[in-house]
Amino acid sequence: MMTRWLCVGLYLSFSMNAWAEMEATFSSSNDGLSGDGFVSGSFSDLGSYDGFFDHIPVVVTPSKMPQPRVDVSSTLSVLDGEFIRRINMQYVEDLLQFVPGFSVAPYKSSSQKEASYHGTQLDQYRRIQVLVNGRSVYSVGLARVEWATLPLSIEDVARVEINRGPNAASYGINSYFAVVNIITRSPLETLGDSITAYSGSRGDYRLYGQHSGLNDDWSYRASASTNNVSGFDKDADGDKRHDGHRSTMGNVFIQKETSNSFFDLDIGASSLKDKVEPMEYSLGSNLGGVDTNKPMRLVDREHIKASYSKQVSSTHELKIQYYYDQSDLDEYHEARLSRVFYNSAFGASGGSDDVDVSYLIDLLETRHDIELQSTWEASKKLRLISAIGYRWDEAESESFLSGKASDEVFRLSSNMEYLAGDRWVVNAGAMFERSQMGGKFLSPKFGVTYKLSEQESIRFNTSKAVRTPDLSDQYFKWHYVLSSGEESFTAYADKGEEEEKITSYEVGYYHYWPSEGLSLDVKLYHDEVQDMVLSQKKFTAYQADAPVEEGVVEDVNINGVELELDWRFRSGAITRFTYAYQDTQTDNASLKEATTPVMVSFFGSLPLTDRWTVQSYYWYGKEFGGNDYELLNAWFSYRLSLGGYSKATMGVGAETRLDDNALVSKHNNMTEDTFAYVFTNITF
């Protein structure tokens, strides 16, 4: 506890110089305001602040159409480009730590990070929708977001918008607790070349490079990165972990923009080599064998996404989008099985010696998605956005499915914004979906915003959503296929699982002070979750084929409050603070363990001179995976000009854990709680 308060004291003193500007800033807060509440004059030297000082932020995620954030009825967090560059994160998912209610941590291995909102599950978190430029990266066969395999470099990200609450009315099935919308930078923003390098004292490193060009109306960017993460050092027994991963990824983004049309093409691929802990095989409560090799998980992933939009009239825009995504996983194991386990699982008889075997875990996941969207401004008070779409999912695996399984989803949606007078804004919509596997679903939402001024509003929103079972839930047929050709008995899904349902209610307050660069958002919410699936799929096919556990569900009520404060100063300083309190009403022990009732994050960036900047952040999670977790990270950066448009930034920093606990899983331990790192970026 003392350490935590020392951290808070450090942050207060760290930000004191920036806060000293407050009196001068507020004393002139009305000097530059015109009658409509916008700042007059030019702040060209602060252009990297994404217009923070000169207009109300505009967002697109809640309804898919641009809206001033003050008009939006659902709760939204925005991590803009300036924040992303300042925070110095190496991976996109880590940005979500600075969104109220989000936690980010690896569970089984360093590559398998779980970015979760409202907790509820530690292994393969599957209750948020994640989009990259409108392309869902929510996996097909085993519902999850495999962050380490995304062909996406953080340097290419322009902003991240997070809809904190269900939004199936806009994004469909599985937009359950939240929607994370990652928007990449236009090639026009990155013209030229840049190189980024990072190296840490634990052996982690990362390299990134990009080239962007322009030819008439066409622009393009080609980027690539490679990284190595050493992972955790020891497990709960003090033994050395077989943990860590390496990955490479590349992306090509092409766009053409004219006065009335826009085309973009996004092509990406990645390759992951992930060390996996050796498995143990059990027969009931008795050990039946262990892996004798150090398994490696290999994942190759690729995608193609193309979209075209055209302004067919001054009030009507049409857009068509198609994308394809495929992930191919292979995991090779060599094991020594006891004769009892081998005979029981493979239907053999006789013998007394242990049996050496080898086998492959495989999973090929494929998705095709096409959507036609219409945005129509019916009048000055009414806007409508409607879409019709089709998605085809397929998973193929001898291990998980004993073959192939697929699903088709047809969807139809419409959302509206209606300005009911000068102060009232109504946001409403619904999506109808028909899944070949899951059935028919209607997901509505309704929200009302009352604008106290052009910068301040109170909102109310209610919405419903479902999370449908994944392909493995419905068609699970796990068996071991040995390299010798022998096949074990099969543990199979008998009836499958039903959909999870959520009804969410929220009341919020948003205030934005443009001339002060200050925004405040507060959310109070109540979520009613029905039939949350808690069944476990384990191999139990001994002596004969056997069904797996199914139909274990839990109804959960979640209440909470979230606060977000973002403050930009004319000196170039930034302060961002988030707080989340969550009360999860359940008697289920596993759900309690996966829920973090209190989370706090704080980021500060303070320019010391024109060249030197000091930055730091703090994150705290109460009972995060059963234990308190907190860390502190601080670094100095130095900027210099290399002549012309060329420039460089370099820095050095350190991160330290302020607790003595394992991270989420008891096996995730580091020998040293502190590590140092260096980084540099060169643009030319």
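The values are calculated or read from the model by the stated rules, or taken from the named source; none is laboratory data. These numbers were taken from a predicted model, which means no experiment stands behind them. All Cβ positions, glycine included, derive from the backbone under ideal geometry; neighbour counts span all protein chains shown. The protein model used for the area step is the full one, side chains on, heavy atoms only, and it has no ligands, DNA or RNA in it. Shrake-Rupley method; radii C 1.70, N 1.55, O 1.52, S 1.80 Å.
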| field | Calculated from backbone phi, Karplus (6.51, -1.76, 1.60) coupling profile of region 341-352 in Hz, x at Gly/Pro | value | 5, 4, 5, 6, 7, 10, x, 8, 8, x, x, 9
| request: Working from Cα positions, state the angle (0 to 90°, nearest 10) between the long axis of helix 2-19 and the longest principal axis of the chain. | output: 30 degrees
| request: Please work out how much length the chain gains when fully extended from ALA634 to LEU191, using 0.36 nm per residue of separation minus the C-alpha to C-alpha distance, in nm with one decimal. | output: 156.4 nm
| message | Relative contact order of the chain, please, whole-number percent, based on alpha carbon pairs below 8 angstrom and at least 6 residues apart. | response | 12 percent
| note | Relative contact order of region 127-280 (C-alpha contacts under 8 Å, at least 6 apart) in percent is 19 percent
| GLU454 versus GLU408: modelled label distance in nm, points set 7 Å from Cα along the beta carbon direction | 5.1 nm
| said: Run the simple label-point estimate for SER483 and GLU549 please: 7 Å along Cα→C-beta, distance reported in nm. | reply: 3.3 nm
| query | Restricting attention to region 370-425, which trypsin sites (Lys or Arg not before Pro) occupy a DSSP loop and are surrounded by at most 15 other Cβ atoms within 10 Å? | reply | LYS380, LYS381, ARG423
| said: Explain nothing, just the number: dipole magnitude of the chain about its Cα centre with +1 on each Lys and Arg Cβ and -1 on each Asp and Glu Cβ, in debye rounded to the nearest 20. | reply: 1360 debye
| request: Using a 1.4 Å probe and counting only protein heavy atoms, arrange TRP424, TRP392, TRP147 so the residue with the most accessible area comes first. | output: TRP424, TRP392, TRP147
| task | Quick one: accessible surface of ARG611, probe radius 1.4 Å, all protein chains present, in square angstrom to the nearest 10. | result | 100 Å²
| field | Partner aspartates and glutamates for LYS256 [C-alpha distance under 13 Å; skip if fewer than 8 residues away on the same chain] | value | ASP216, ASP217, ASP264, ASP266
| In the structure shown, do any of LYS273/LYS501; LYS310/LYS440; LYS108/LYS592; LYS380/LYS523; LYS319/LYS523; LYS108/LYS305 have a Cα-Cα gap over 26 Å, and if so which? | LYS273/LYS501; LYS310/LYS440; LYS380/LYS523; LYS319/LYS523; LYS108/LYS305
| query | For region 256-301, what is the Kirkwood hydrodynamic radius in Å, using each pair of distinct C-alpha atoms? | reply | 15.1 Å
| query | Applying the Karplus parametrisation 6.51 cos²θ - 1.76 cosθ + 1.60 with θ = phi - 60° to the phi angles of region 620-635, what ³J(HN,Hα) value in whole Hz is obtained for each residue in order, glycine and proline being reported as x? | reply | 9, x, 7, 6, 6, x, x, 10, 5, 9, 8, 9, 10, 10, 9, 7
| Got a sec? Charge dipole of the chain, +1 on Cβ for Lys and Arg, -1 for Asp and Glu; which of ALA465, GLY643, TYR342 is way out at the positive end? | GLY643
| task | State the answer as a single residue: which of GLY134, ILE84, SER103 lies farthest towards the positive end of the charge dipole of region 80-145, with beta carbon charges of +1 for Lys and Arg and -1 for Asp and Glu, about the Cα centre. | result | GLY134
| request: Figure the gain on full extension for SER590 and LYS647 (residue separation times 0.36 nm, minus the Cα-Cα span) and round it to one decimal in nm. | output: 15.5 nm
| request: Starting from the Cα of ASP610, step 7 Å along the direction of its Cβ; do the same at GLN536; then give the gap between the two resulting points in nm. | output: 6.3 nm
| message | Using the Cα centre of region 310-376 as the reference point, and only Cβ charges (+1 on K/R, -1 on D/E), how large is the resulting charge dipole? Debye, rounded to the nearest 20. | response | 340 debye
| task | State the percentage of accessible surface on region 101-171 attributable to carbon and sulfur atoms; use a 1.4 Å probe and exclude ligands, DNA and RNA. | result | 45 percent
| remark: Checked the chain with the C-alpha gyration tensor, a ≥ b ≥ c its square-rooted eigenvalues, rounded below a/c of 1.5, otherwise prolate if a/b is larger than b/c and oblate if not; verdict prolate
| query | For region 308-424, with every protein chain kept in place, what is the accessible area per residue (1.4 Å probe, Å²)? | reply | 49 Å²
